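The next block holds one structure in the form of structure tokens; read it before the comments.
The values are calculated or read from the model by the stated rules, or taken from the named source; none is laboratory data. Keep in mind that what you see is a predicted model, and the values were worked out from it rather than measured. Cβ: placed from backbone, ideal geometry, glycine included. Neighbour counts: every protein chain shown.
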Amino acid sequence: MPDGDLTAAVRAIATGDLRPEVGLILGSGLGDLAERIETPRRTSFGAVPGMPATTVVGHAGEFVIGHFGGRVVAAMRGRLHLYEGHSAATVTRPVRLLHALGCRTLIVSNAAGGINPAFGVGDLMAIEDHIALPGLIGHHPLVGRSEDRFVDMVGAYDRDLIERASRAASAVGIRLHRGVYAMVVGPSFETPAELRLLRTVGADAVGMSTALEVIVARQVGMRVLGISCITNQADPGGGAPVDHLDVLAVGRSVGARFGELVTRVIGTLPT
């Protein structure tokens, strides 16, 4: 989305007189959190210029603007993915749009396979860093831009937000790991050899989203908190086959804990 086209996209989203401060990207199985947003204003992706509709089961494909955790938020129920055939620039358009709407903090979530053997299905992980090298995914959202392309990714996942999430989790007895998230393109799940490679280079969880969105959030100056829901064991030694519907079911089962965590984090943000 050329920067000049953001104006039309912003106008297409129903915000009323609200100016969102926090953006939420809700991954597979986690979209039900948007039902807790008060006085919601809903806009489907397809109604926004430059935004294609999502084609993924479990992704409603809509923006929901309203009050949540004492703040005005703009939530995305679902996201766009490379494996749907979109470019990296298209996948990250929503982040630029959230920023244009007024969001300066981004909480991005995803469903992920747990590579770290200490992680159990249904656990949550705060993302401390990510691996998304071109050799792994072959795409980058800043390719072709003539300015602001050389973005420093050190500290892309905000340390203060991670600490806030850890304190919030401890306060209500939620198990929150910390770790490194690896992004692959998908849509097929990883082979055992690929999982052994990712474990060797330090990945704790693997999924098919998030990293490109965080690159653009970093470019535009947003603070980012990333949360992965461990929906399956990504065991290099083999194990039970992974099914997308099972991933969605685990995400939904974790929804209450995930929602409580996000609510508490948002409630601690400085005004």
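Listing for the model above:
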{"item": "Test: residue in region 46-61 that is under 30 Å from VAL172 (Cβ atoms), in contact with a strand residue (DSSP E or B) (Cβ under 9 Å, 6 or more places away or on another chain) and at pLDDT 90 or above", "result": "no"}
{"item": "Those residues of region 150-173 which are part of a loop (DSSP other than H, G, I, E, B) and at pLDDT 95 or above, in sequence order", "result": "ALA156, TYR157, ASP158"}
{"item": "Residue list for region 1-39, restricted to those being at positive phi and surrounded by fewer than 17 Cβ atoms within 10 Å (Cβ to Cβ)", "result": "GLY16, THR39"}
{"item": "Positions within region 14-35 being of a type outside the set (Asp, Glu) and at pLDDT 90 or above, in sequence order", "result": "LEU18, ARG19, PRO20, VAL22, GLY23, LEU24, ILE25, LEU26"}
{"item": "Residue match in region 174-193 (condition: within 23 Å of LEU82 (Cβ to Cβ), more than 19 Å from the chain's Cα centre (by Cα), surrounded by 14 or more Cβ atoms within 10 Å (Cβ to Cβ) and not hydroxyl-bearing (Ser, Thr, Tyr))", "result": "yes"}
{"item": "Residues of region 116-155 classified as touching a Leu at 6+ places or on another chain (Cβ under 8 Å) and among the small types (Gly, Ala, Ser), total", "result": "2"}
{"item": "Hey, ASP204 within 26 Å of THR263 (Cα to Cα), modelled with pLDDT of 95 or more, buried (at least 24 other Cβ atoms within 10 Å of the Cβ) and not aliphatic (A, V, I, L, M) or not", "result": "yes"}
{"item": "Only listed residue being under 18 Å from ALA211 (Cα atoms) and either without any contact (Cβ under 8 Å) to a residue 60 or more places away in the chain or small (Gly, Ala, Ser) (or both), chosen from GLY23, GLY16", "result": "GLY23"}
{"item": "VAL95 being touching a helix residue (DSSP H, G or I) at 6+ places or on another chain (Cβ under 8 Å), at pLDDT 90 or above and buried (at least 18 other Cβ atoms within 10 Å of the Cβ)", "result": "yes"}
{"item": "First in region 170-189 and in contact (Cβ under 8 Å) with a residue 24 or more places away in the chain, second anywhere and β-branched (Val, Ile, Thr) and assigned to a helix (DSSP H, G or I), Cβ under 8 Å, 6 or more apart", "result": "ARG178/ILE162; MET183/ILE137; VAL184/ILE137; VAL185/ILE137"}
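For (1) in contact with a Cys (Cβ under 8 Å, 6 or more places away or on another chain); (2) in contact (Cβ under 8 Å) with a residue 40 or more places away in the chain; (3) within 14 Å of LEU97 (Cα to Cα); (4) buried (at least 18 other Cβ atoms within 10 Å of the Cβ), each residue gets a yes or a no:
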| position | (1), (2), (3), (4) |
| --- | --- |
| ARG41 | no, no, no, no |
| ALA47 | no, no, yes, no |
| MET51 | no, yes, yes, yes |
| ILE65 | no, yes, yes, yes |
| ARG79 | no, yes, yes, yes |
